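Undergrad: Once you've had a glance at the structure underneath, I'll fire off some questions.
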Amino acid sequence: MYLSYFGLTEYPFSITPDTQFVCNVTSHEEALNTLLLAIQGGEGFVKITGEVGVGKTLLCRKLLTVLGEERVAAYVPNPLLEPRAMLTEVAVELGAQIGKDASMLVKCINRRVLELAQQGKTAVLCIDEAQMMPPLTLQTLRMLTNLETEKRKLVQVVLFGQPELDEMLSQKAARQVLQRITFHYRMSSLGRHEMGIYLQHRLRVAGYRGPALFSRGARWALYRHSNGLPRLVNVLAHKAPLAVFGAGGNEVSYNHVRLAAKDTESAFRRHWF
C-alpha cells in the first residue's frame, strides 16, 4: 500500500520469518554462535528458548541457511506428532526409505545417517515449537541421538521452544534428555539501544534510501509498546507508516506509533501521555 510512497521494494516489517531481514542484534548473534559452536562440536542436543515473538523461528531458518555442506538438515516445524509420525517426518527429511513400523523406521534412519557419515556428513534435526512435543516423542528423539560412530554423533538435535519447553524438560521423565543438553541459550528481546539499528536494517534491506523514517520519539514509543519483542515491533512499525502515508507526511512520529499501539491488542498498554 505504501511501498512506492516511501520508495520501498517490499514491506520491511512483515511478520513472516525471512532470513534476508536477519539483523545481527546481540541476542540473535549470540544464539546463532551458540548453535554453530555446539553443532561443530558434535553435541547431541542443543536448546534455544525464548518468549513468543522473540525470533526463534527466524533463527532456526537462518541456521538452516548457514550450515555447511558437511551437514544435512531435517526441519520439523510442527512437532505435535506421535513417535511414528515424527520418525516418518525425520526419515523423509533425511531422504531415507520408510519402513513398515517404528523399529524399521529407526533402522532406515540409522542406515541413512551411516551413508551420510561415509560421505563425511552429519544429520542436524531442527525442531521448531519443541514445547508442543508429546513426552514419548521427545524420548524417541533421544533414541536417535544414540546413533553414533566411535568418533561422533550421527544425528544432532536442535530444539527451539517457548519457556514451556524448560518446564517440560524439568519433569522427571525427561531427565535423560535434559542431561544430554550441553549447550543452551535463552533469547531476549531487543535492547532499547538496538531499536534504531533494527529498524534501519530492515528498511535498508527493503530498499529504503531516504532520511530517517522513524523519529527518536517514534523509536522510543516502539520500544515502550513492544517491550522490544521483534514480532510486535514489526506489527507496530508496519502500521505506523500507514498513518503517515494517509496524512501525506514523511516521518513516523511518536503519535503515529501510539495510534498503531491503540489498534493492536497485543501491544503493551502504557500511559498514553
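Undergrad: Please go through region 197-222 and give me each residue that is assigned to a helix (DSSP H, G or I) and more than 15 Å from Ser253 (Cβ to Cβ), ordered by number. Before you say what the answer is, go through the steps one by one.
TA: First, pick out the residues of region 197-222 that are assigned to a helix (DSSP H, G or I): 197-205, 216-222.
Scanning region 197-222 gives Ile197, Tyr198, Gln200, His201, Arg202, Leu203, Arg204, Val205.
Undergrad: Next up: Could you look through region 148-162, keep only residues that are modelled with pLDDT under 90 and buried (at least 18 other Cβ atoms within 10 Å of the Cβ), and pick out the one that is nearest to Val72 (Cα to Cα)?
TA: As a first pass, look at region 148-162 and keep what is modelled with pLDDT under 90: 148-154.
Then keep just the ones that are buried (at least 18 other Cβ atoms within 10 Å of the Cβ); that gives 153-154.
Values: Lys153: 13, Leu154: 11 Å.
Top of the filtered list is Leu154.
Undergrad: Just the residues that are within 13 Å of the chain's Cα centre (by Cα) and either among the acidic types (Asp, Glu) or closer than 25 Å to Ile181 by Cα (or both), please, taken from region 1-29.
TA: Step one: list which residues in region 1-29 are within 13 Å of the chain's Cα centre (by Cα), which gives 15-19, 21-23, 27-29.
Within region 1-29, Asp18, Ser27, His28, Glu29 qualify.
Undergrad: Limited to region 211-230, what total is found for residues that are without any contact (Cβ under 8 Å) to a residue 12 or more places away in the chain and closer than 19 Å to Gly50 by Cα?
TA: So the count comes out to 0.
Undergrad: Just to check your reading of the model, which residue among Gly68, Gly42 is surrounded by fewer than 20 Cβ atoms within 10 Å (Cβ to Cβ), out of contact with any helix residue (DSSP H, G or I) (no Cβ under 7 Å at 6 or more places or on another chain) and farther than 26 Å from Gln176 by Cβ?
TA: Working: Gly42 fails: farther than 26 Å from Gln176 by Cβ.
It is Gly68.
Undergrad: Shifting gears a bit: Would you be able to tell me the number of residues in region 168-185 that are exposed (fewer than 12 other Cβ atoms within 10 Å of the Cβ) and under 21 Å from the mean Cα position of the chain (by Cα)?
TA: 0
Undergrad: Still on this structure, I have one more. Could you grab the pairs with beta carbons closer than 6 Å, sequence gap of 6+ or different chains, first residue in region 152-171 and over 18 Å from Leu35 (Cβ atoms), second one assigned to a loop (DSSP other than H, G, I, E, B)?
TA: Leu154/Leu147
Undergrad: Could you pull out the residue among Leu136, Leu116, Leu87 that is surrounded by fewer than 13 Cβ atoms within 10 Å (Cβ to Cβ), part of a helix (DSSP H, G or I) and touching a residue at least 12 places away in the same chain (Cβ under 8 Å)? Steps first, answer last, please.
TA: Values: Leu116 fails: surrounded by fewer than 13 Cβ atoms within 10 Å (Cβ to Cβ); Leu87 fails: surrounded by fewer than 13 Cβ atoms within 10 Å (Cβ to Cβ).
Leu136 is the lone residue from the list that is surrounded by fewer than 13 Cβ atoms within 10 Å (Cβ to Cβ), part of a helix (DSSP H, G or I) and touching a residue at least 12 places away in the same chain (Cβ under 8 Å).
Undergrad: Determine whether Phe183 is among the hydrophobic types (A, V, I, L, M, F, W, C), touching a strand residue (DSSP E or B) at 6+ places or on another chain (Cβ under 6 Å) and farther than 21 Å from Glu251 by Cα.
TA: yes
Undergrad: If I go through region 105-129 residue by residue, how many of them are of a type in the set (Gly, Ala, Ser) and either under 24 Å from Leu165 (Cβ atoms) or not assigned by TED's automatic domain parsing to the domain that holds Thr149 (or both)? Before you say what the answer is, go through the steps one by one.
TA: Pass one, region 105-129, residues of a type in the set (Gly, Ala, Ser): 117, 120, 123.
Retained after the next criterion (residues that are either under 24 Å from Leu165 (Cβ atoms) or not assigned by TED's automatic domain parsing to the domain that holds Thr149 (or both)): 123.
Total satisfying the criteria: 1.
The values are calculated or read from the model by the stated rules, or taken from the named source; none is laboratory data. In this text the structure is predicted, and so the values were computed from the model without any measurement. Using ideal geometry, Cβ is built from the backbone for each residue, glycine included, and neighbour counts are taken over all protein chains shown.
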